[in-house]
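Here's the structure we're looking at; comments come further down.
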Amino acid sequence: MPGLPAFCLRPRDLRRGAALTLAFLAAVGTAAGTGCWHPQESATVAPAARTATGAGPAAGTAGGSRTAGTADREAVARAAAEAVAEGKSGKKAAQEVVSRSGDRWGTVYDRGEYAAFAEDLDGRWTGVGLWTGRGRDGLIEVERIQPGSPAARAGLRAGDRLLSVDGRAVTGLAVAEVTALLRGTAGTPVVLNLSRDGAGLTETVRREELRTEPVTVRQLAGGVTVIKVASFTRGSGERVKAAVRAAPPGAGVMLDLRGNPGGLVAEAVSVASAFLDGGLVATYDVRGDERALYAAPGGDTARPLVTLVDGGTMSAAELVTGALQDRGRAVAVGSRTFGKGSVQMPTELPDGSVAELTVGTYRTPGGRSLDGSGITPDLTAGEGVEERAAKVLGGLGVGP
């Protein structure tokens, strides 16, 4: 099993009515909605309050305070161990404890599901190219189709309801479980039974090795560079920095975080570092122990900058937006962001499954907690967001 991330800022199995489904691992093609910090990336993370290494609440040891509305890690592990000893499913027992706890973002993955998660952090996976979530009717719904993927070639569409995978009904399953069903070996077939506008539809597609490009760049008239960050997978920070360096001298940048469900926190900090010269990006707490995330020095602090946000801007994407807004570095344009500002940490259970439990929340440099409230943009815009953003950049002396 891959090594466990130190913490995650991640949406999961959301209802479409709550702004945008964007559930992590809802991506049959990719589950880039993670927000995880890995130990090897610790250069961007520093404690804001002193803790003993490997001990105390920050290390998740017994006696650490537990954030309200979260599952007790030891209770979850104990339930799993007891179930395994009785020859039952440790994952199922652990999930029952998590469900009763009221931990909105807590969940339990089996080995295969968690391996898929680790693969997704690299922006690559083996699947059919569907993003799914749970619709208002409770059914699994296709959110988006990967261009050029097996699903796209089969004519599948956003809005289709997924009913079964290889004959197994998916109604009632967690989105992560559906993802695991669609994963597999490249070249193997998978039979999808769907519903479209009330009519049944069956398609057999073959899994392929797929990749996403988390960062895309394009130029607008007047030299404005639009940098779209779809998710914070590995390498996205360096891609953004390269795009900023390649932008025309003195020209403005639109950092488009619309629909970004989150990702690796270290990559989010790296993106913020492209526009900051060191300093605070966010603070967060782990079982009551406060820590901080700092930007690396040397970012472009002079280039005019606008961030584009909407209801699908979540988790680590909100962390970046809040940092640039609070630091006076960017004007946020669009609509209110989702409001997912909680921190999850994974714990490996006796049967090899992984419980991911909420341990705290994060805050912007100005001390704002975004969990449940999101970020209000400086300029509200629905249609024509880029046009409004271009006018803002024009007011800053750049653009057409």
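Full extension from GLU348 to ARG153: what is 0.36 nm times the residue separation minus their Cα-Cα distance, to one decimal in nm? Walk me through the intermediate numbers first.
Working: separation 195, 0.36 × 195 = 70.20 nm, distance 3.82 nm.
Result for the pair: 66.4 nm of gain on full extension.
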Antiparallel DSSP bridges in the stretch 178-273: what percent, to the nearest 5? 70
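Among 175-183, 317-325, what's the highest-first ranking by average C-beta atoms within 10 angstrom per residue? Walk me through the numbers before you get to the answer.
Numbers: 175-183: 23.4, 317-325: 28.6.
Going from most to least packed, we get 317-325, 175-183.
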So what is the diffusion coefficient of the stretch 107-210 in µm² per second by Stokes-Einstein at 25 °C and 0.890 mPa s, using a Kirkwood Rh over Cα pairs? 179
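Which whole number of Å³ per residue matches the convex hull of the alpha-carbon atoms in the stretch 276-360?
118
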If you build the convex hull over the alpha carbons only and average its shadow over all orientations, what do you get for the stretch 209-305? Give it in nm² to one decimal. 7.6
Search the structure for amide H atoms under 5 Å from the amide H of PHE232, placed 1.01 Å from N in the peptide plane, and list their residues when 5 or more places away or on another chain. GLY262, GLY263, LEU264
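Just the number, please: carbon plus sulfur as a percent of the accessible area of the stretch 117-188, 1.4 Å probe, no ligands or DNA/RNA counted. Write out the running numbers ahead of the final one.
Numbers: 1330 of 2670 Å².
On the stretch 117-188, the fraction of accessible area on carbon and sulfur atoms equals 50 percent.
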Whole Å is fine, so just give me how far the alpha carbon centre of the stretch 330-388 lies from that of the stretch 85-116. 24
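The values are calculated or read from the model by the stated rules, or taken from the named source; none is laboratory data. Because the structure is a prediction, the values reported are computed rather than measured. Note that each Cβ is placed from the backbone with ideal geometry, even for glycine, and that neighbours are counted across all protein chains shown. Note: accessible area is taken over every heavy atom of the protein model, side chains too, but ligands, DNA and RNA are not part of it. Shrake-Rupley method; radii C 1.70, N 1.55, O 1.52, S 1.80 Å.
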